[in-house]
Amino acid sequence: MSTPNAESRESYLIRSIRADEWAKAKELRLVALRDPVAHLAFLETYDTAVARPDSFWQERAVGAAEGATGAQQIISEGPDGEWAGMLTVLVEEPGTTDWAGSPVERKQGHLVGVFVRPEHRGCGMTEVLFDAALEWSWGQGAERVRLIVHEDNGRAQAFYRKAGFLPTGVTVQLGGSGERELEMAVERP
């Protein structure tokens, strides 16, 4: 497949996954976990993910499929049916705690699992995925959307700034490693 250009992004369908597409969601996640910066971008390793039973992937797809309200996995699908990119939005409710154990003070979306296959990068697809994620989040009543990015993942940070996400000053320590993740967010318009 040739590298797409800016004009070709319109040939991709941006949509939420369906519950029965768990195998395709699993396949793309495993590809993402093999990316050279996966150790900076994901809190899971390839070995951990590939060892998970199919029931895990099935439940994950049901919980983030079209029509779900607590999460949404959005993909870009090429004309050939190949999934070129993905992200997931989790809804975090006030009064709960997030994945790192910090209190959630207001309803917000949390973007995770952002990935575009290398051969599909540079055509504006990630921006379209982000637009769909923000639209879905605002439709769920989110007051803001945030994401967490590794302090050494400069490529991702630059894109997130371009997409309107700004550093909030909140940092998250990763276990005992001393590595830090930075929170970036965009407020509801």
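Dividing the mean sequence gap of close Cα pairs (under 8 Å, 6+ apart) by how many residues the range 6-143 holds gives a relative contact order of 26 percent.
Considering the dipole of the range 88-189 built from charges on the beta carbon (Lys and Arg +1, Asp and Glu -1) around the Cα centre, which of I148, V128, H110 is farthest to its positive end? The listed residue farthest towards the positive side: V128.
Take every Cα pair under 8 Å whose residues are at least 6 apart in sequence, average their separation, divide by the length of the range 71-189, and the relative contact order is 21 percent. A Cβ-based charge dipole, computed about the Cα centre of the range 6-143 with Lys and Arg at +1 and Asp and Glu at -1, lands at about 200 debye. Model label sites at T96 and L13, defined 7 Å from Cα along the beta-carbon direction, differ in position by 3.0 nm. Model label sites at A51 and E135, defined 7 Å from Cα along the beta-carbon direction, differ in position by 4.0 nm. Each label was represented as a point 7 Å from its Cα along the Cα-to-Cβ direction; for R155 and L30 these points are 2.3 nm apart. On the principal axes of its alpha carbon atoms, the range 72-126 extends 43, 16, 16 Å, with the longest extent given first.
Available extension along the chain between E187 and E105 is 28.1 nm, counting 0.36 nm per residue and deducting the alpha carbon span. Estimated purely from DSSP H runs of n ≥ 4, each contributing -39500 (n - 2.57), the mean residue ellipticity at 222 nm for the chain is -8000 deg cm²/dmol once divided by its residues.
Readers should treat all values here as calculations from the given coordinates under stated rules, not as data from a laboratory. This structure is a prediction, so every number in the text was calculated from the model and none was measured. All Cβ positions, even for glycine, are placed from backbone atoms using ideal geometry, and neighbour counts span all protein chains on display.
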